[in-house]
Amino acid sequence: MSTRVLLADDSPHAQRMGERILREEGYEVITVVHGDDAVNCLEDLQPDLVLVDVFLPGRSGYDLCRHIRSHAGLKHAGVILIAGLLEPVDENEARAAGADAVVKKPFEASAVLETIRPLIDKARFARGLFSEAEEAAVPTVPLPPPKPLHSPEIDPERVRAAVTLALDRSMPSLIQEITEKVLIALGH
């Protein structure tokens, strides 16, 4: 049985980046853009890991995390909250909801993989997906703790990338709004 990851994010760029990183590692990735869609597919999917945008429409990432933690059949799943570099994340609420980690967008492949691997290994053990040979090959030392729920050092290039994404996303509506106001001012 393959390792299943649910990626719940309404950003097309984050979906593409997340899917590429995860699929290159051989994970089966299911992507949804709405919190309610994520909840609806959890029972059937039984993911080993859920990457969920904190500001997902419908149900927030915090809500989805609490939902996963409250269902016995899903407790094995690791949950990582994701947010844009400049989006605020309430670390206390993330901990209270049961999040294992927080990852900032835009995704950096090495950081994502470093964060998810221990969680996926833990989930696979919990589900009994490792064969006896694989279990014998894995050391019996405890897994390292997931990345802390604090903001990483600020990297100017990542800030520039986040601002660029935000502008690309908002530019069409901003142009439309300004055009309408200019036309109204001109009496049209």
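Observations
- Filter pass, Val54 being within 19 Å of Ile120 (Cβ to Cβ), crowded, with 18+ Cβ neighbours inside 10 Å and at pLDDT 90 or above: no
- Verdict on Cys65 being of a type outside the set (S, T, N, Q), over 14 Å from Val112 (Cβ atoms) and either in contact with a Gly (Cβ under 7 Å, 6 or more places away or on another chain) or not assigned by TED's automatic domain parsing to the domain that holds Arg117 (or both): yes
- All of (1) at pLDDT 90 or above; (2) under 30 Å from Pro156 (Cβ atoms); (3) touching a strand residue (DSSP E or B) at 6+ places or on another chain (Cβ under 7 Å) hold for Asn92 with one exception: (3).
The values are calculated or read from the model by the stated rules, or taken from the named source; none is laboratory data. These figures come from a predicted structure and were not determined experimentally. Using ideal geometry, Cβ is built from the backbone for each residue, glycine included, and neighbour counts are taken over all protein chains shown.
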